[in-house]
Every structure is written in C-alpha cells, then in structure tokens.
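Report on the following structure.
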2 protein chains.
Amino acid sequence: MERTFRNSNFEGAYFKCEVGSGKSEKVSDFRLPISDFRLPISDFQTMPRTKQFNEEEVLRKAMELFWKQGYHATSIQNLVDQLGINRASLYDTFGGKDALFEKAFEKYVRDYSAQVIAQLSRHESVRRALEAFFLSEARAAARDKDHKGCFVVNTTTEFVPNSEEWAQRITRQRKAMEHLFLQYLQRAVEQGEIPPGKDLPALAAYLFTFYNGLKVVSKANDSEEELCRVVQVALSVLD
Amino acid sequence: MERTFRNSNFEGAYFKCEVGSGKSEKVSDFRLPISDFRLPISDFQTMPRTKQFNEEEVLRKAMELFWKQGYHATSIQNLVDQLGINRASLYDTFGGKDALFEKAFEKYVRDYSAQVIAQLSRHESVRRALEAFFLSEARAAARDKDHKGCFVVNTTTEFVPNSEEWAQRITRQRKAMEHLFLQYLQRAVEQGEIPPGKDLPALAAYLFTFYNGLKVVSKANDSEEELCRVVQVALSVLD
DNA sequence: GTGATATTGGAATGAATATTCCAAATAAAA
DNA sequence: TTTTATTTGGAATATTCATTCCAATATCAC
C-alpha cells in the first residue's frame with residue numbers, strides 16, 4: 001500500500017517519452033518537466049531512479065499473453081518470464097494479477113475498437129465496408145499462428161457466468177458493438193443499399209453474434225478460404 | 001495405479017441398478033448377477049463393499065460444474081464438495097482431474113448429440129427443423145439461469161490454442177456437426193426447399209459458426225426475444 | 001456372525017500459486 | 001561525489017492446488 005502510492009504526488013507532473021525494448025536493459029528516457037509545477041507536499045530535492053521498462057510495451061505483452069491463454073491459465077511467474085520485468089515491478093506498476101488483466105483487457109478494447117472503426121470507414125458502401133471488415137477478420141484469424149481469437153470473446157466464455165462484474169463489462173461491449181453496426185446499417189438504408197422496413201437492431205445483433213461465432217471457430221479452423229466463404233454466406237442476409 | 005485397477009476383472013460382470021442421492025448416505029443397490037459369468041483370474045471368494053454412489057449421476061454433476069466454470073477455474077476441492085463423493089473415490093473411479101474432465105466432455109457430446117439429432121428429426125421440412133432447433137437453443141440458453149452456454153464452445157476458447165490434443169478433438173466435433181448440417185441441407189435441396197446450386201458445405205459451416213456465436217452471446221444476453229429475432233435473421237440466408 | 005476386500009473420510013504431501021518483503025543496485029539532482 | 005528515492009532481483013510467506021496415503025468403515029459371500 002505504502003509503496004504503491006509513494007509517488008502519487010507526481011502523477012502527471014512530467015511528460016515521459018521512453019524508448020526501449022523494456023527487457024531490463026537501459027532505455028532512453030526523456031522527461032520534459034512542467035515549469036510551473038509546484039510540489040504539493042513533499043520536500044525532496046532529487047529525482048529517483050526511473051523505470052527501466054516501457055510501461056505500454058509491457059502492458060502489450062501482458063495483453064497478448066492473457067489474450068492467448070486466458071486469465072486462469074496464466075500465472076504471475078508466466079507473466080514475469082514473458083514480460084521481462086521483475087515481480088516487484090509488476091506489482092508496483094500494475095497492482096496485481098486482477099488489475100493487470102483488467103488493464104490488458106481495456107487496452108485490447110481501446111486498440112481493437114479503433115481498428116474496427118478504421119476498417120469500417122474505409123468504404124463509402126456499407127455493404128462493402130462490412131464485407132471488407134469480416135473478410136479481413138477471417139483472414140487475420142486464419143493467419144494468426146497463435147490462434148488467439150478475440151480477447152473479449154475468450155473473456156466472455158471464461159468469466160461469464162462466474163463473475164457478475166465481468167458479465168456487465170461484456171454486456172457493455174456487446175451493446176457498443178451492436179450500436180456501431182446499427183449506425184452503419186442505418187446509413188445503408190439512407191444510401192439505398194438496404195431496403196427500408198428491415199429490423200435493423202436485430203440485424204445488428206445478428207452481425208455481432210456472427211462475429212462471435214467467427215472468432216470462436218477460427219481458433220480451430222485456419223482455412224482462410226473456408227472462413228471467407230462462411231463470411232460471404234453470413235452477409236447474404238443483407239441482400 | 002494398483003488400486004485403480006484392482007476391480008477391473010469384474011467390469012461388466014453385473015448389471016447395477018442404484019438409487020439414491022449419492023451424498024454419502026445409504027442408497028439402495030440392486031445387483032443382478034450374470035449366472036454363467038466365470039472369474040477369469042482371481043481366486044477370491046467374497047465380494048467387497050460396493051460403490052456408495054451412482055457413477056453416471058456423479059459424472060453428470062462433474063459435467064455441469066466443468067461446463068459452467070471451465071477446467072482451470074474448477075478445483076478438485078470444488079468437485080469433491082459438489083459431487084458429494086470422497087476425494088479418494090473420485091481418483092479411484094475417474095482417475096484424476098484431467099481424466100474426469102475428458103469423461104465429462106465426452107458425456108456432454110454424447111448426450112447433446114443425441115438431443116440435437118432428436119430435435120432436428122422432428123420436422124419433415126428441413127427449414128422448419130433448423131428453425132425449431134435454433135429457436136429451441138436460443139430459448140434454452142435464455143432460460144438457463146446458470147448461463148453455461150455450450151460445453152464444447154467454452155472448451156474451444158479455453159484450450160485452443162494451448163493444447164494441440166484438444167484442438168484436434170474440437171476439430172472433430174466441428175466436422176461432425178458440419179456434416180450433420182450438410183446432410184439436412186442436401187435433403188432440403190432434394191425436397192425442393194432450397195434452390196439447387198448453392199454452396200452447401202459453406203452453408204453448413206455457416207450454420208455451425210452461427211451456432212457458436214449464439215452460444216457465446218447468449219451467456220451475456222438472456223433476452224429470449226432478442227435471441228430469437230437474431231435466429232430468424234440468421235436463417236434468412238436459406239430463403 | 002465371520003472373513004475378505006473395496007470404499008470412505010480425512011490427514012499428509014509436495015508442487016504451484018499470488019503476494020509481500022528487503023537488501024543491494026541505480027538514476028537523477030545537488 | 002553525495003544524497004535521495006526508487007527500482008530491482010530474489011528470497012520469504014502463506015495459500016491453494018492436485019494427488020497420495022492410511023486407518024476405519026462397510027459390504028458381500030460364506
């Protein structure tokens with residue numbers, strides 16, 4: 001507790017820009033002090049040793065490991081080995097296994113949401129955008145030699161129904177993604193790509209359901225061709 | 001090892017008919033000895049104490065627990081508490097955690113396959129049969145207060161890609177279910193329900209993929225109505 | 001009832017688990 | 001260089017894990 005917060009006075013006091021592999025070797029570390037910053041409590045006069053690793057990069061590694069193995073099958077030792085940082089650093093920086101998993105999950109959602117939106121907004125035609133999105137997901141899944149699937153989907157099956165907290169988190173994710181699909185479908189109707197009068201919320205929920213299925217099945221089927229044909233069938237509901 | 005097989009000479013020698021809760025209280029136990037049965041090796045003269053629990057019933061409980069919680073989140077202590085049998089009995093009867101999980105998985109596949117086939121063969125019309133099947137799955141999922149989903153789907157996300165052995169098992173399951181769907185689709189073409197010339201294997205793979213998605217999504221969405229509408233959208237590819 | 005033997009409950013074991021702790025090393029500023 | 005606060009490596013801790021063991025119990029054949 002005590003050690004965890006010993007630095008809390010200085011949160012946000014510096015813009016850090018760190019570069020390096022983070023594998024406990026020296027890294028560059030530029031700090032741009034905010035000139036008019038006043039120390040609120042402490043009376044110290046020197047700055048201590050800085051972190052030897054890039055926090056974002058380490059978090060990315062943790063994300064990949066939890067993504068691939070899930071929460072229960074990933075041990076702290078596992079993380080220490082893979083992340084290349086010390087046990088104590090892990091606890092000091094991220095708080096513990098639960099907190100680290102949450103941060104990894106949030107990073108995935110953050111990164112992945114941006115990617116989905118970017119992918120979908122590449123085409124004017126909604127039909128083409130959805131096709132491009134699902135085909136790219138199918139291809140990426142088939143090519144991922146780790147067969148990680150989707151972090152959110154994996155977490156759904158691992159934590160629901162055994163954690164009410166995670167069930168709510170997952171539900172929020174579902175609604176966000178269904179809402180995103182819905183917006184595109186509404187635009188499709190406006191653009192005359194989809195005949196009006198269709199049950200768009202059900203269609204959006206369907207797209208989300210199919211997405212989940214694709215992410216599960218692609219873990220155990222790496223045939224790019226088969227997955228792409230399935231996508232084409234799935235999207236034929238839009239015709 | 002030694003204790004595990006001490007009774008192996010008598011496997012199948014009796015038709016057992018046991019009744020009882022199995023919660024370490026006395027149960028009725030009727031044994032109908034097979035009259036012409038000859039002891040192959042042993043020279044014993046008395047029969048030992050019989051099992052105090054119904055093996056099939058205990059296996060069913062183990063299946064439900066693994067189904068709900070997964071492999072890693074279920075401890076032996078957990079099983080001992082839930083199954084109502086002794087630690088030693090568990091190891092003697094089922095071999096260990098891994099072996100018990102496998103047996104539970106196989107029981108699920110056995111029971112569930114029979115149920116799927118029964119469900120599908122209720123209607124002459126393939127379209128109606130598929131609709132009845134998916135709607136019944138949606139309704140059952142929404143009504144399952146444990147939100148267990150599908151044991152096979154859960155196992156897919158938990159063990160793939162971290163176990164090659166399970167990946168193969170899961171792949172076999174996928175192919176079996178796709179094959180089942182394909183047979184029905186072929187019959188649908190013969191019966192004139194589906195226009196000829198469609199890519200039936202892709203359609204079968206699509207149905208399987210959607211099934212997986214439904215089983216994931218229904219864990220965190222218990223709205224029967226929403227799930228059923230999604231099913232209707234999904235099956236519109238057949239029109 | 002008696003003898004033989006498997007089951008049973010619970011303790012014992014040893015490995016793995018998450019987390020905490022501390023001395024030594026180190027970076028930044030004076 | 002000295003001072004200071006932090007990171008770091010690895011040991012220490014306490015819990016939980018899967019599994020084994022054994023004495024006591026209970027059942028079946030006689």
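The values are calculated or read from the model by the stated rules, or taken from the named source; none is laboratory data. Remember, predicted model here, so these are calculated numbers, not experimental data. Here the Cβ positions follow ideal geometry from the backbone for every residue, glycine too, while neighbour counts run over all protein chains shown. What goes into the accessible areas is simple: the full protein's heavy atoms, side chains included, and nothing from ligands, DNA or RNA. Shrake-Rupley method; radii C 1.70, N 1.55, O 1.52, S 1.80 Å.
Here A:Pro196 meets the list (1) modelled with pLDDT of 95 or more; (2) not in a helix (DSSP H, G or I) almost entirely, failing just condition (1).
Among the candidates A:Phe210, A:Phe181, the residue that is out of contact with any Asp or Glu (no Cβ under 7 Å at 6 or more places or on another chain), facing chain B (nearest Cβ under 7 Å), open to solvent by less than 10 Å² (accessible area, probe 1.4 Å) and assigned to a helix (DSSP H, G or I) is uniquely A:Phe210.
Scanning segment B:156-196 for residues that are over 21 Å from B:Tyr112 (Cα atoms), of a type outside the set (A, V, I, L, M, F, W, C) and without any contact (Cβ under 8 Å) to a residue 40 or more places away in the chain turns up B:Pro161, B:Asn162, B:Ser163, B:Glu164, B:Glu165, B:Gln186, B:Glu190, B:Gly192, B:Pro195, B:Pro196. Would you call B:His123 on the phi > 0 side of the Ramachandran plot and surrounded by fewer than 19 Cβ atoms within 10 Å (Cβ to Cβ)? So B:His123 fails the test. Please work out which residue is nearest to the other protein chains (Cβ to nearest Cβ), limiting yourself to segment A:85-95 and to residues that are touching a helix residue (DSSP H, G or I) at 6+ places or on another chain (Cβ under 8 Å) and in a loop (DSSP other than H, G, I, E, B). If we take residues in segment A:85-95 being touching a helix residue (DSSP H, G or I) at 6+ places or on another chain (Cβ under 8 Å) and in a loop (DSSP other than H, G, I, E, B), then A:Ile85 is nearest to the other protein chains (Cβ to nearest Cβ). Every condition in (1) more than 10 Å from DNA strand C (Cβ to nearest atom); (2) polar (S, T, N, Q); (3) in a loop (DSSP other than H, G, I, E, B) is met by B:Gln82 except one, and the failing one is (3).
Taking the criterion of being of a type in the set (A, V, I, L, M) and more than 17 Å from the chain's Cα centre (by Cα), would at least one residue in segment B:142-156 satisfy it? Yes: one or more hits. The single residue among A:Arg169, A:Arg187, A:Arg174 that is within 18 Å of A:Phe210 (Cβ to Cβ) and of a type in the set (Lys, Arg) turns out to be A:Arg174. Evaluate the following for B:Phe44: is it more than 30 Å from B:Glu190 (Cβ to Cβ), open to solvent by less than 20 Å² (accessible area, probe 1.4 Å) and either modelled with pLDDT under 90 or touching a Phe, Trp or Tyr at 6+ places or on another chain (Cβ under 6 Å) (or both)? Taking the combined requirement at face value, the residue does not satisfy it.
Inspect all residues belonging to segment B:96-103 and state whether any of them is open to solvent by 30 Å² or more (accessible area, probe 1.4 Å), among the basic types (Lys, Arg) and either in contact with a helix residue (DSSP H, G or I) (Cβ under 7 Å, 6 or more places away or on another chain) or outside any helix (DSSP H, G or I) (or both). Scanning segment B:96-103 turns up at least one residue that is open to solvent by 30 Å² or more (accessible area, probe 1.4 Å), among the basic types (Lys, Arg) and either in contact with a helix residue (DSSP H, G or I) (Cβ under 7 Å, 6 or more places away or on another chain) or outside any helix (DSSP H, G or I) (or both). Considering the conditions (1) more than 21 Å from B:Ala202 (Cβ to Cβ); (2) over 26 Å from the mean Cα position of the chain (by Cα); (3) part of a helix (DSSP H, G or I), A:Ala204 is excluded by exactly one of them, (2).
Quick one: would you say B:Gln119 is more than 14 Å from chain A (Cβ to nearest Cβ) and either polar (S, T, N, Q) or within 12 Å of DNA strand D (Cβ to nearest atom) (or both)? Here the answer is yes, as B:Gln119 does meet what is asked. Any residue in segment A:146-163 that is more than 7 Å from chain B (Cβ to nearest Cβ) and open to solvent by 40 Å² or more (accessible area, probe 1.4 Å)? No, that holds for no residue.
Among the residues that make up segment A:217-229, is at least one of them surrounded by fewer than 16 Cβ atoms within 10 Å (Cβ to Cβ), of a type in the set (Val, Ile, Thr) and within 7 Å of chain B (Cβ to nearest Cβ)? Scanning segment A:217-229 turns up no residue that is surrounded by fewer than 16 Cβ atoms within 10 Å (Cβ to Cβ), of a type in the set (Val, Ile, Thr) and within 7 Å of chain B (Cβ to nearest Cβ).
Listed by first and then second residue, the pairs linking a residue in segment B:84-100 that is over 17 Å from B:Trp166 (Cα atoms) to a residue that is within 6 Å of DNA strand D (Cβ to nearest atom), with Cβ atoms under 8 Å apart and 6 or more places separating them unless they lie on different chains, are B:Arg87/B:Ile76; B:Leu90/B:Ile76.
Residues in segment A:52-79 that are open to solvent by 70 Å² or more (accessible area, probe 1.4 Å), modelled with pLDDT under 95 and in a loop (DSSP other than H, G, I, E, B): there are none.
Only one of the numbered conditions (1) in contact (Cβ under 8 Å) with a residue 40 or more places away in the chain; (2) away from every other protein chain (no Cβ under 13 Å) is violated by B:Leu235, and that is (2).
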